[in-house]
Amino acid sequence: MKLEQLFHLLARARQLCHHDDYVIMGSLSALGVAGDSPVPDDMTMSIDVDCYTRDDPGRVFDLVGALGEASDYFRETGIYLDPINPHLPTLPEGWQSRLIKIERDGVRGWFLDPNDATVSKYARGEPRDRRWIRAGIEAGIVSLPLVRVRFGMTDFFDAAERKGALARLEEDAGWFATWRNARGTGRRRS
């Protein structure tokens with residue numbers, strides 16, 4: 001998905017519910033850095049926009065009929081709004097203060113910081129999350145040292161979730177060291 005497509009969806013949401021501010025979480029939160037650096041396809045291939053209305057998080061669920069997976073909007077555009085509860089994902093303390101704001105035509109998208117999204121993705125641990133994380137690491141969008149710090153700021157669901165997330169982080173740290181050495185530069189590519 002491209003940033004323009006996402007904002008087209010948010011503009012339609014604004015027409016329907018009269019809210020101007022949307023918090024974007026999940027994979028497409030990577031689009032929040034689109035103005036600063038190229039975002040790899042593996043980070044933006046999702047067709048669903050995980051988000052909520054910033055000032056009234058429950059209001060976003062009223063949009064499912066018009067913009068959700070079974071909607072005409074999805075059939076016409078190939079993308080859809082996937083409403084979420086802001087308390088659902090595992091995120092580090094202070095994530096709200098690190099949201100990345102992008103505004104288009106009076107609609108504001110508040111994008112989850114990629115390093116905060118990475119913590120949540122490590123907690124979930126699905127294969128597609130791991131592809132997203134590694135693409136972000138390769139592109140220099142995700143910083144494993146920063147993610148490690150954010151782990152210390154995270155209240156995981158339970159000890160098992162924390163242990164699994166940490167094991168995945170350590171595995172990717174080993175993978176990254178091998179990847180970096182194979183490139184022979186000792187640095188991430190720009």
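The numbers here are math on the coordinates, done by the rules we state, and not lab data. Computed from a prediction, not measured in an experiment: that's the story for all the values here. FYI the Cβ positions are ideal-geometry reconstructions off the backbone, even for glycines, and counts take in every protein chain you see.
Structure notes:
- Point-to-point label distance, residue 124-residue 173, nm (Cα→Cβ direction, 7 Å offset): 2.4
- Backbone N under 20 Å from the residue 62 label point (7 Å along Cα→Cβ), restricted to the stretch 80-97: 81-87
- Charge dipole of the stretch 1-114 (Cα centre as origin; +1 on each Lys and Arg Cβ, -1 on each Asp and Glu Cβ, all else neutral): 180 debye, rounded to the nearest 20.
- DSSP-defined beta bridges in the chain - what % are antiparallel, rounded to 5: 55
- Efficiency of FRET between residue 88 and residue 4 - r from beta-carbon atoms, R0 22 angstrom, step 0.05: 0.20
- Subtracting the Cα-Cα distance of residue 182 and residue 18 from their residue separation scaled by 0.36 nm leaves 53.9 nm.
- When only alpha carbons are used to place a centre, the stretch 93-153 and the stretch 59-92 end up 19 Å from one another.
- In the chain, the longest principal axis of the Cα atoms and the axis of helix 114-124 are about 80 degrees apart.
- Computed about the Cα centre, the dipole magnitude for the chain is approximately 860 debye when only Lys and Arg (+1) and Asp and Glu (-1) carry charge, each at its Cβ.
- The chain - percent relative contact order, Cα under 8 Å, separation 6 or more: 22
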